[in-house]
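The values are calculated or read from the model by the stated rules, or taken from the named source; none is laboratory data. Just so we're clear, the structure is a prediction, and the values are computed from it rather than from any experiment. Positions of Cβ are backbone-derived with ideal geometry, glycine not excepted, and every protein chain shown enters the neighbour counts. We work out accessible area using only protein heavy atoms, side chains counted, and drop any ligands, DNA or RNA first. Shrake-Rupley method; radii C 1.70, N 1.55, O 1.52, S 1.80 Å.
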Amino acid sequence: MRLWVKHAHQVVRVVSDADPCREYLAGTAQKNCTLAILEEENGNGLSIIVDQDGLIADIGYDDVMELKYKDHIVEQIIDASGRTVLPGLVDAHTHPVWAGDRVHEFSMKLAGATYMDIYEAGGGIHFTVNHTRQATEDELYSLLKQRLMRMLANGTVLVEGKSGYGLDTENEIKMLRVLERAKRELPIDISSTFCGAHAVPKNQTAEEATENVLTQQIPEVMRLQEMGELHVDSIDVFCEKGVFNIDQSRKILEAGRQAGLRLNFHADELTPTCGTEMGASLGAEAMSHLEEISQEGIAAMAVKPSVAVILPTTAYLLRLKPPPVRQMINQGVPVALGSDFNPNAHCLSMPLVMNLACVLFGMTLPEALVAATINAAAALGKQKTHGSLEVGKYGDLLILNAPRWEHLVYQMGDNQQIIGQVIKRGRVVDREVYN
């Protein structure tokens, strides 16, 4: 065996083999989730064993495990006495590859400038595009590596990473290659998303940009995918007034679906465009933001259902109307969380995101944990390997320096102290090695 964690006071599985809902939790299952928690009984702690392939082999009480595995050789044993073990967190929406920060725009936003004010003045995404196009792959990788390792130190073991600051074939591919390198070299899992339709380039109309994505960018991404040089899971488009309209967004998403990609896109963030209804009609696996979603959109998302990826940091920083999270959960839409890490929302901490979701959007602590684990994994199509502590899933664990898991959210802003160890596939991540 690769790892044996012993004597834990609490093990939070989120879902277990006995749960009827295991791929995601929606409606009453998310609202009334009991989290499949095991707790120490009469001094008998809990054990988790990870095998040589990095998969969870067993979970149970110490006395049972000692008898069952007494003759096995174990590479590493961790004493988790008095502490809590829970699944590694999943960040379902990030833009991690870019150069050129936008700290100067923070003051503008505080003074009342809206997202679209800054965008139309040539700032926002366009500012980042200019800097990202000028950066080399090595420069972008160096920046990405630092960001991803800080995410990992804050408990994130799987992250969705988008392109989208290239806006042409050459630079979008450059960004996807940087993500591909990170997959090979860093101890964090990445689900890549092609987001060539993140903004309309300055020298093009929205219709021209749509045509470029359809005829140039998607074919090149898929050519490299077929050659095994890229491994892209999803396609994204910023469906928004003044960016890509409903018809343009639909064309891009349909082309992505035809190419075999999952649909995971920005919808109804700044204005009510009925993007969620359009996405639901295409069977989109996930849609993000949703501050301006309609009642019809919520109902449409609940049919399949499509995972609602909620991004508290962006709503907080841009002072947007809170998305109707309570209505989504009550009507059966599975809700996930993402940090939306990008130059506009510089947040690398999913525990902070969970705190904001509870305080600003009225989520309960169990709902937020579900949203940052199994439901976030489901948004990325990774729920069979990530998002819960189950036999056969990756041995991705957080060991907290606390007797209850709620401390991860309660002790706001002190993540790397409360998280004692981050374990990726049964190996403790040495956070210093990657700094």
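When only alpha carbons are used to place a centre, the stretch 131-193 and the stretch 217-240 end up 15 Å from one another. Each listed q (0.15 Å⁻¹) maps to a log10 I(q)/I(0) for the stretch 303-435, found by the Debye formula over equal Cα scatterers with no solvent: -0.78.
Other residues with beta-carbon under 9 Å from the beta-carbon of residue 381 carry, at +1 per Lys or Arg and -1 per Asp or Glu, a net charge of +1. Note on residue 189: accessible area is roughly 30 Å² with a 1.4 Å probe, heavy atoms of protein only.
Report summary: the helix-based calculation at 222 nm, which adds -39500 (n - 2.57) for every DSSP H run with n ≥ 4 and divides by the residues of the chain, gives -10000 deg cm²/dmol.
Within the stretch 365-435, the ratio Rg/Rh, alpha carbon atoms throughout and Rh by Kirkwood, equals 0.98. Label sites at residue 52 and residue 346, each approximated as a point 7 angstrom past Cα along Cα to Cβ, lie 4.6 nm apart.
From a point 7 Å beyond the Cα of residue 114 in the direction of its Cβ, which residues of the stretch 268-296 have a backbone N at a distance under 19 Å? From the stretch 268-296, the list is 268-276, 289-294.
Computed across the stretch 212-277, the Kirkwood hydrodynamic radius from all distinct Cα-Cα pairs reaches 12.4 Å. What a 1.4 Å probe finds exposed on the chain is 50% carbon and sulfur by accessible area, rounded to a whole percent. Legend: residue pairs 31/70; 6/393; 321/384; 174/393, Cα-Cα distance threshold 29 Å; pairs beyond threshold, 31/70; 321/384; 174/393. Ranking of 47, 281 by solvent-accessible surface, largest first: 281, 47 (1.4 Å probe, protein heavy atoms only, all chains present). Accessible area ranking (1.4 Å probe, heavy atoms, ligands and nucleic acids excluded), largest first, for 104, 9, 93: 104, 9, 93. Each peptide among 231-238, 294-301, 318-325 gets the average number of other Cβ atoms lying within 10 Å of its residues, and from highest to lowest they stand as 231-238, 294-301, 318-325.
Length gained on full extension, residue 70 to residue 183, computed as 0.36 nm times the residue gap minus the Cα-Cα distance: 37.1 nm.
Highest mobility in the GNM of the chain, judged by mean-square fluctuation with C-alpha springs under 10 Å and restricted to 67, 253, 148, is found for 67. In order along the stretch 75-83, the phi-based Karplus estimate (6.51 cos²θ - 1.76 cosθ + 1.60, θ = phi - 60°) of 3J(HN,Hα) comes to 5, 9, 10, 10, 8, 9, 3, x, 10 Hz; Gly and Pro are listed as x.
Quick check: the distance between the Cα centres of the stretch 307-360 and the stretch 23-42, to the nearest angstrom? Measuring centre to centre over Cα atoms gives 21 Å. I'd like the orientation of helix 350-361 relative to the chain: the angle between its Cα long axis and the longest Cα principal axis, in ° from 0 to 90, rounded to 10. So the inclination is approximately 70 degrees. Here the Kirkwood formula puts the hydrodynamic radius of the stretch 265-309 at 9.7 Å, using every distinct Cα pair. Using the 1.4 Å probe convention, the accessible area of the stretch 1-142 works out to 46 Å² per residue with neighbouring protein chains retained. Taking the longest Cα principal axis of the chain as reference, the axis of helix 246-258 is set at about 50 degrees.
Computed from backbone phi, the HN-Hα couplings of the stretch 108-115 come to 4, 5, 5, 7, x, 5, 7, 4 Hz, rounded to whole numbers (Karplus: 6.51 cos²θ - 1.76 cosθ + 1.60, θ = phi - 60°; Gly and Pro given as x). A Stokes-Einstein calculation at 4 °C with viscosity 1.567 mPa s, built on the Kirkwood radius of the stretch 118-244 over Cα pairs, returns a diffusion coefficient of 86 µm²/s.
The stretch between residue 216 and residue 296 holds 25.3 nm of extra length on full extension. This uses 0.36 nm per residue minus the Cα-Cα distance. Angle, helix 137-153 long axis vs. longest principal axis of the chain, Cα atoms, 0 to 90°, nearest 10? With both axes taken from Cα atoms, the answer is about 40 degrees.
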